[in-house]
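**Q** Got a structure for you, written out below as structure tokens; questions coming shortly.
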Amino acid sequence: MAISIRQRPGAIYSYERTKFKSIMKNIFYLLSLFFLFVAEHSVAQTQTDTSKRYIKVPAGYLMVLRQGDDVFKLIEGMAMVEKIPSATLSGMGFVNARFGFFNFKTKEYEPREFSEVEMGSMTGSIAWQNGKPSLHIHGLVSGKDFKAFGGHLLGATVSTGSLEVLVTLHDKQLQRIKEEPLGANVLQLGQ
Amino acid sequence: MAISIRQRPGAIYSYERTKFKSIMKNIFYLLSLFFLFVAEHSVAQTQTDTSKRYIKVPAGYLMVLRQGDDVFKLIEGMAMVEKIPSATLSGMGFVNARFGFFNFKTKEYEPREFSEVEMGSMTGSIAWQNGKPSLHIHGLVSGKDFKAFGGHLLGATVSTGSLEVLVTLHDKQLQRIKEEPLGANVLQLGQ
Amino acid sequence: MAISIRQRPGAIYSYERTKFKSIMKNIFYLLSLFFLFVAEHSVAQTQTDTSKRYIKVPAGYLMVLRQGDDVFKLIEGMAMVEKIPSATLSGMGFVNARFGFFNFKTKEYEPREFSEVEMGSMTGSIAWQNGKPSLHIHGLVSGKDFKAFGGHLLGATVSTGSLEVLVTLHDKQLQRIKEEPLGANVLQLGQ
């Protein structure tokens, strides 16, 4: 059968590339966690890139992320290492940010990048989804002309400066579930 | 006397309409409180519109408001049900928001509506005024083009998504008083 | 020698003016602290300009600054009087704000003033630098047209209204250090 002979080679290639990327992503993830663990528990701290990224405070954790840090990866890493049941985030700093506005027709985020901008405010939460940390973070950024842009954060890295984040810890393990027909991930308060 | 015969019928109609609206508002208020109470104390929780809107956390309360929820009414309802002495709010989500900029000449707010926008940040406080909860909330919103708008919130409803709010509880009953000639409601720290 | 006779009089004048300004600044500082102390500990509180500016709450301190208050001076004053080891700030109100965007070439802030604007969100931290309180605060403001502007706050005074600030207290004395070649002050989490 003609169709089975051709076997959609692009799809196979794409599948393997995706698998490779997924493996690389997991390796990177485990390495990040390893360094987070080392940084948190090492006796001799130095103020280089290996400096610790968070400390325990009465409200939860105080994070200071540094130039080049992947904001989402490091918060997710901390959530796993510290077994955070759930938490609310609040922060500010200097970042490269990627925002996305959810298009309810296509059910996809329309993204836009903002480079080397002040993060005037960052507000969000840590919960769990399918056994993994689930972040929901909104932010407001501005550049040289001070005009503010904001929305749902898809990702962010720290630019020339730092990002300070207060993580207010909750005592209940909370899940985030994609609710239909809403098409949005919603933090669940029930059991 | 001509003027007394005409008796400003518009004013009377307006008075009765206002009274009717006031009664309806109170009924709606009590119903909201009833459902809040039921939602909070019912044994069998379901993830529908009757799902609970907040849980107790170490810092105070974590609220997750849902599509169609009136943000101010539900926060005021929680303040009454839980007898919150005073609190600070922080939140983010997807809303329809009404902002007002205070005109110090007319002593009125000049309003503007923003529909289906990301609430990038919401900051405010709960106190009491004339025996009722008094909210003072500021917010920043943005739409598809990510341009941010902000100011004093006159009202908000949750749009297609949710609104997460951390309520940091204080232990002192605080009042808000309208101070003259300032013409602004100010949170009072003294006795 | 001609040059030594002229002795750069402008420079001397400038030095003395700087010294004079520095002394005046310190006097103002001590007076501010004195009034803060009086306000905090006086038995008879009145709701005038001498009313207390903050109270203790479980999370730390709740501040309500009033018309004309210098936001940075009063937070720094509280940090000294209460010996705050470190803290995270969150606030909102009505202000005159001065923002600065850091120019990494000139290593200076390019400032811009915004008068009589709503502070939609204010996020920052209190730490220590060279024995003095060190504030790092970002904010978002908007005026009559609700368009938002934001960034790194260089200074702010309260305008016709108030500024409410929640100070979430940490238990560790933290330092802020200017890191090179970054050229930015970074909050230090290590020992």
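The values are calculated or read from the model by the stated rules, or taken from the named source; none is laboratory data. Small disclaimer: the values here were computed from a predicted structure and weren't measured. Cβ coordinates were reconstructed from backbone atoms using ideal geometry, including for glycine residues, and neighbour counts include every protein chain displayed.
**Q** Quickly run through region B:112-164 and pick out the residues that are of a type in the set (S, T, N, Q) and touching a residue at least 60 places away in the same chain (Cβ under 8 Å).
**A** Answer for region B:112-164, where residues must be of a type in the set (S, T, N, Q) and touching a residue at least 60 places away in the same chain (Cβ under 8 Å): B:Ser125, B:Thr157, B:Ser159, B:Thr160, B:Ser162.
**Q** Mind checking which residues of region C:165-191 are more than 8 Å from chain A (Cβ to nearest Cβ), under 12 Å from C:Ala127 (Cα atoms) and exposed (fewer than 15 other Cβ atoms within 10 Å of the Cβ)?
**A** Within region C:165-191, just C:Gln173 meets the criteria.
**Q** Another question about this same structure. May I ask you to list the residues in region B:54-83 that are within 8 Å of chain A (Cβ to nearest Cβ), closer than 24 Å to C:Ser90 by Cβ and assigned to a strand (DSSP E or B)?
**A** If the condition is that a residue be within 8 Å of chain A (Cβ to nearest Cβ), closer than 24 Å to C:Ser90 by Cβ and assigned to a strand (DSSP E or B), then B:Tyr54, B:Ile55, B:Val57, B:Leu62, B:Val64 are the ones that fit.
**Q** On the given criteria, is C:Gly150 within 8 Å of chain A (Cβ to nearest Cβ), crowded, with 22+ Cβ neighbours inside 10 Å and not basic (Lys, Arg)?
**A** The answer is yes for C:Gly150.
**Q** If you don't mind, there's one more thing I want to ask. A:Glu118 passes all but one of (1) within 12 Å of chain B (Cβ to nearest Cβ); (2) touching a His at 6+ places or on another chain (Cβ under 9 Å); which number fails?
**A** Against the list (1) within 12 Å of chain B (Cβ to nearest Cβ); (2) touching a His at 6+ places or on another chain (Cβ under 9 Å), A:Glu118 comes up short only on (1).
**Q** Right, next: Let me confirm something: among A:Ser162, A:Ser115, which residue is surrounded by 19 or more Cβ atoms within 10 Å (Cβ to Cβ) and at pLDDT 95 or above?
**A** Only one candidate passes the filter, namely A:Ser162.
**Q** OK, next. What are the residues in region A:93-114 that are within 9 Å of another protein chain (Cβ to nearest Cβ) and farther than 16 Å from C:Leu189 by Cβ, if any?
**A** Our first condition is that a residue be within 9 Å of another protein chain (Cβ to nearest Cβ); within region A:93-114, this holds for A:93-94, A:99, A:101-104, A:110, A:112, A:114.
Those that are within 9 Å of another protein chain (Cβ to nearest Cβ) and farther than 16 Å from C:Leu189 by Cβ: A:Phe94, A:Phe99, A:Phe101, A:Phe102, A:Asn103, A:Phe104, A:Glu110, A:Arg112, A:Phe114.
**Q** Scan region C:73-91 for residues that are of a type in the set (D, E, K, R) and either free of Cβ contacts under 8 Å to residues at least 40 places away in the same chain or in contact with a helix residue (DSSP H, G or I) (Cβ under 7 Å, 6 or more places away or on another chain) (or both) and jot them down.
**A** We begin by selecting, within region C:73-91, every residue of a type in the set (D, E, K, R); these are C:73, C:76, C:82-83.
Of everything in region C:73-91, those that are of a type in the set (D, E, K, R) and either free of Cβ contacts under 8 Å to residues at least 40 places away in the same chain or in contact with a helix residue (DSSP H, G or I) (Cβ under 7 Å, 6 or more places away or on another chain) (or both) turn out to be C:Lys73, C:Glu82, C:Lys83.
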